[in-house]
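Take a look at the structure below.
Rule-based calculations on the coordinates, nothing more; no lab input. Just so it is clear, the structure is predicted and the values come from calculations on it, not from any experiment. All Cβ positions, even for glycine, are placed from backbone atoms using ideal geometry, and neighbour counts span all protein chains on display.
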Amino acid sequence: MKKTSDDKSNLSLQQQGEMLLALSDDITRIRDKNDLITLFKKRIKGIFYFTHTIVTLIDYKDETYTPFLLDNDGSPIRNHTRYKEMVHAHFSLNEPFIQAVLKSEGPISFFLADIMDQPLSPPFLRVNYEKGVREILMTCLMKEGRPMGFVHIYTDKPDSFTPAFRSMIKAMAPQLSSAVSNIIKNEELQNKEGEKSFLLEFSNNIAAVRTKEDLALTVRAALGKLRPRNGFVIRRINEDNATMSPYVYELTNKPDPKILRALENSAYPISDGLQDRVLNSNIPMLFNVDREISRGIRSAYLQYWKTLGFTDIVGIRLRNGETNLGILFLDIDEINIPLLQGVCSQISIAMANIMANDMVTRKQDEQAFLLDFSSDITQARTRQDLQDAIFKVLDRTIHTKLAMLRVIDDDGIHLSPYMYDSSLFANTPEHFEKMVHGEVTVHQPHTAQVLASSDGVMFNIEEELKSGSDYAKLWSSTGLKNVYGLPLRVGDKNIGTIWLLANRLSQLILKGICAQIAVAISNIQANEKLLAYKKQLEVENDYLKEQIKTIYNFSEIIGNGEEMQKVYRLMSLVADSTSTVLVLGETGTGKELIARAIHNASPRKDKLMVKVNCAAMPANLIESELFGHERGAFTGAIERRIGKFELANNSSIFLDEIGELPLEAQAKLLRVIQERELERLGGKQLIKLNVRLIAATNRNLEEEVRAGRFRADLYFRLNVFPILLPPLRDRAADIEPLTQFFVQKYSRNAGRKIKKVTPRLLQQLRSYTWPGNVRELEHLVERSILLATDGILDEVYIPPSTDASRQNAAILLNRSLDEVERDYIIETLKRCAGKISGTGSAAEVLKVPGNTLHSKMKKLGIEKRDYVV
């Protein structure tokens, strides 16, 4: 470290004086930083050797000094990797190097090698050293008696700072201090003028703004001049006054589009610990993103800003009069409070105007939409038309969700669901189903309160939760604040209630909508009653067409054998009565054909016989299919449906495969048969019936009763007049006429001319056991016709599975378990010479105790004559 000496050996006093006068004259002409840089680079550098110069200014508030004037062109460190860091750095005043400068009475020089590695030394010393600089000359700049900054002069040649150089710098220091002060003042004036021009231009531009899009363009252009590092975000306060959403933004780093869309559609709580602080601050607030996150603020936008590179952010509230409109978040280094407040004032005025215009436009749109709704609703002829119109107006106009619309039933007491939006309650489906199907009357507290009101009732969900309301638990799952219950009236008559979920609603609009909905529902209900009889006729017609496609195309029953004659006699005895008939027989014996023949021979022949295949109905829909259901009886029941029994009123109903009916359905069927009346699913009205019942099954119902799979009381009700159809293997005499009938039918259908059926083929058919009975015969004949090539049927293609053992297995399928077990025990006893227990007995073969076998024989009715030959 060297101190200034009074040695003037290098320059005479006269030369020094002339030089100082010339430099002083130059200093007086300095107006900006460029002038001062030129002074050092051209005038002083022309007299003394050095590499470059900078000026730093002191910030006593932070106790730091920072670069103010840089000789970028002449600096040897400009290509150093840490150059930008040094340019923007804040160096501490509380370290030995700068303290030595402050204590010096004049210019002081240092060899960098001596001081750069000392504790707390500023990093710019080493940076300069690494670029060849070896010595630094420092002198203080003073203002009003205290240091305001420093002049740094660097050289790469040791001992360049001669006594004359030091003397000149010391003499120039006061004038340099004045020059720097003037530059600062000029810059402040220029900045103020620039700010005024900026605000004036921004004000002129903002005055022309009419839409949000105009505002976005203007704000982006204006804030871009402030050079935010990563961009800005303007948020507006939502109508709920509890959340904020993005309004206008500009981000330097292009974000992921999916994440950006999610953020755009998000609503952030105002009281999140940051936004509320900004709104409550009268001046712009500077905060650090990492520091706010560490404070515990978990808002998603902070984390997202961090990923985009936001570090220090300024938040300024946007306010119009006494009303907060939103917040401007700006990613900049320094806060210019007057400028930012001026910008935000203009933005606030524009936002307030745009929001007011938007409100007027929205009201106009609502009115126009209500006119459209009125047009749509007057054209609604069905419930679906009405639902589409209602959902459309609620969602688009008043941002409301339909929780439930109920109509009062004909009894004037109960209310049934008419329409609802189940998607609202996707998180609580079981609770919602309970609400839909639960009983609601006009006396239920909430409903009674709504029906007694003139303009409806608002229920706050939070308050309802405190009271323990079951409905409130369901409502709260939607995230909305209030439920509005409104009466639907036509004139002075209540016809139902409508329940809407929303945060806020316009009562005027809502009242008008509800009045139109009530009239539309009344009209639709009247229209539904007018269409009821037409609907029933259409159902009967469609059902008849369907039956025509599936029934046998017989003009008469084929077969005159002895077994069939017994069947004909029984049919003739029962046809004219109204008694229940139970048709029994194996699969494929023609049970439906017999049932249809009984109906056609009865006084009810002019009406449609309704057929129901009990085995083909899903278990959960049997009750609805047989007895019908009311609108809203279960999920998906959007309209009333007539059941098969009601459709068969004053006619006959044929219940095929009745043995397949579940026990629960058997109980309900028994009640209908006994009482001759039914109640639709979800209904409350009893419907009287006059139905003739014909049932059929291939099961042994007695065995089913014993096994507990069929109700005994229902069996007794059905077994009034049983008709047992013989299997085809017992109708050998009928095989030939049946074959001839099927040959004629399928040769005509297939376009084949069959001249002859040979005796050999008929013998094949008679020798077959026919596990599939008449239906199997029909299919084998059809196949044989398709395979015939010469017009003669000489051979039937008996399936490979028809050997004796497989035929016996097929026969067993048509027998009960008890029958099979009885025959097996008898055959075993015969093989054991009638010995029941002991060595070589049937009990030993069957691997059961003798007592157990005795009990089983008694239960199955096996007597000695059955097994003793």
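So who's got an amide H within less than 5 Å of the one on Phe721, skipping anything under 5 residues away but keeping other chains? H placed 1.01 Å off N, in plane.
Leu582
Under a Cβ-only charge scheme (Lys and Arg +1, Asp and Glu -1), can you give me the dipole magnitude of region 139-267 about the Cα centre, in debye to the nearest 20?
That gives a dipole near 220 debye.
Between Gly149 and residues 5 or more places away or on another chain, which pairs have amide H atoms under 5 Å apart, with H built 1.01 Å from N, and which residues are they?
Answer set, sorted by chain and number: Ile58, Leu141.
Dipole size in debye (nearest 20) for region 128-186 around its Cα centre, Lys and Arg Cβ +1, Asp and Glu Cβ -1?
It works out to roughly 180 debye.
Out of the GluC sites (Glu not before Pro) in region 435-536, which ones are loop residues according to DSSP with at most 11 other C-beta atoms within 10 Å?
Answer by residue number: Glu439.
If neighbour count is taken as other Cβ atoms inside 10 Å, put Ile153, Ile115, Ile413 in order from fewest to most.
Placing the least packed residue first, the sequence is Ile413, Ile115, Ile153.
Can you work out the FRET efficiency for the pair Ala262 and Lys511, with r the C-beta to C-beta distance and R0 = 22 Å, to the nearest 0.05?
0.05
Where a ≥ b ≥ c are the square roots of the eigenvalues of the C-alpha gyration tensor, would you call region 208-362 rounded, which needs a/c under 1.5, or, failing that, prolate if a/b is larger than b/c, or oblate?
rounded
Work from the charge dipole of the chain (Cβ charges, +1 for Lys and Arg, -1 for Asp and Glu, about the Cα centre) and give the residue of Ile509, Met355, Ile495 farthest towards its positive end.
So the residue we want is Ile495.
Which value in nm describes the separation of the simple spin-label points at Glu562 and Ala452, placed 7 Å from the Cα toward the beta carbon?
A separation of 8.3 nm, rounded to one decimal place.
Given a Förster distance of 30 angstrom, what is the FRET efficiency for Glu677 paired with Lys605, based on the Cβ-Cβ distance and rounded to 0.05?
Plugging the Cβ-Cβ distance into 1/(1 + (r/R0)^6) gives 0.75.
I'd like the Karplus ³J(HN,Hα) series for region 374-386: coefficients 6.51, -1.76, 1.60, θ = phi - 60°, whole numbers in Hz, and an x wherever there's a Gly or Pro.
So the Karplus estimates, Gly and Pro as x, are 4, 5, 5, 6, 6, 8, 5, 10, 10, 5, 5, 4, 5 Hz.
Round to the nearest 0.05 the FRET efficiency obtained for Asp388 and Val490 when R0 = 22 Å and r is the Cβ-Cβ distance.
Between Asp388 and Val490 the formula returns 0.55.
Would you be so kind as to identify which of Gln99, Tyr420, Ser294 lies farthest towards the positive end of the dipole of the chain, taking Lys and Arg as +1 and Asp and Glu as -1 on Cβ and the Cα centre as origin?
Result: Tyr420.
Identify all aspartates and glutamates with a Cα-Cα distance to Lys103 below 15 Å; exclude those on the same chain that are fewer than 8 residues away in sequence.
Glu95
Give the long-range amide H neighbours of Met419: residues separated by 5 or more places, or on another chain, with amide H under 5 Å away, using H modelled in the peptide plane at 1.01 Å from N.
When sequence neighbours closer than 5 places are left aside, the close amide H contacts are Leu405.
To the nearest 20 debye, what charge dipole does the chain have about its Cα centre, counting +1 at the Cβ of each Lys and Arg and -1 at the Cβ of each Asp and Glu?
The calculated dipole for the chain is roughly 1420 debye.
Could you give each residue of region 150-162 its phi-based ³J(HN,Hα) in whole Hz, using Karplus coefficients 6.51, -1.76, 1.60 with θ = phi - 60°, and x for Gly or Pro?
My calculation for region 150-162 gives 9, 9, 10, 10, 10, 9, 9, 10, x, 6, 6, 7, 6 Hz in order.
Find, among the GluC sites (Glu not before Pro) in region 231-318, those assigned to loop by DSSP (not H, G, I, E, B) with at most 13 other beta-carbon atoms within 10 angstrom.
Sparse-neighbourhood loop GluC sites (Glu not before Pro): Glu239.
Evaluate the distance, in nm, between pseudo-label points positioned 7 Å from the Cα of Lys143 and of Ser467 along their respective Cα→Cβ axes.
Label at Lys143, label at Ser467, 7.0 nm between them.
For a paramagnetic label modelled at 7 Å from the Cα of Glu703 toward its Cβ, which residues of region 622-659 fall within the zone defined by backbone nitrogen distances under 19 Å?
657-659
Counting other Cβ atoms within 10 Å of each Cβ, which trypsin sites (Lys or Arg not before Pro) in region 483-518 have at most 16 and sit in a DSSP loop?
Arg504
Between 0 and 90 degrees, rounded to the nearest ten: what's the tilt of helix 663-675 against the longest Cα principal axis of the chain?
Approximately 60 degrees, to the nearest ten.
By its C-alpha gyration tensor, with a ≥ b ≥ c as the square roots of the eigenvalues, how is region 383-530 shaped: rounded for a/c under 1.5, else prolate for a/b larger than b/c, else oblate?
Because its axes are fairly even, with a/c under 1.5, region 383-530 counts as rounded.
Extension gain Gln744-Asn851, at 0.36 nm per residue separation less the Cα-Cα distance, in nm?
Stretched fully, the Gln744-Asn851 segment lengthens by 32.5 nm.
Using a 7 Å offset from the Cα along the Cα-to-Cβ direction at both Arg220 and Arg82, what is the distance between the two label points in nm, to one decimal?
4.0
Looking at (i) 39.1; (ii) 30.8; (iii) 27.0, which value of Kirkwood radius over Cα pairs in Å comes from a calculation on the structure shown?
Answer by label: (i).
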